[in-house]
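Coordinate-derived values only; no laboratory data. All values derive from a computational prediction rather than experimental measurement. Using ideal geometry, Cβ is built from the backbone for each residue, glycine included, and neighbour counts are taken over all protein chains shown.
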Amino acid sequence: MTNKIEDLLSPERLRGRWQRDEKKVSESDRAEAEEQSALQLHAQLKCLIVERFQGDEADVLNLLLEGLKALLVQRFPETGDAPEEKDALDLAIHKALNQIEDLVEAFEI
């Protein structure tokens, strides 16, 4: 008997979804996203999560979003000066986004 979790999260099964999701983003959406600040994009992400999830799922995702916001404030200060630990912050932001993405996918299954 195969493990259901392994079946649900198998790369072969998810690959089709990743390719479909990738096609949904138009060039105009990408250009618009590039013009927005990191905190504006964070606010949009938070709104999407609030609309889609409730209860414990929303609580966990909101906690992760607050951590992401703290990293974004450090990485993109209002003064415009690049922080010294830019690479470490970039990596931490990337990890936080991956963690949020993984949880969203898990909650949707």
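Between ALA106 and LEU91, the simple label model (points 7 Å from Cα in the Cβ direction) yields a spacing of 2.3 nm. Given points 7 Å out from each Cα along the Cα-Cβ axis, report the GLU66 to ARG52 separation in nanometres with one decimal. Each label point is offset 7 Å from its Cα along the Cβ direction, giving 2.2 nm.
Put simply, when 42-53, 65-76 are sorted by average Cβ atoms within 10 angstrom per residue, most first, you get 65-76, 42-53.
Straightening the chain between ALA82 and ALA43 buys 11.9 nm, computed as 0.36 nm per residue apart minus the Cα-Cα spacing. With each label modelled as a point 7 angstrom along the Cα→C-beta vector, the GLN36-GLN99 pair spans 2.3 nm.
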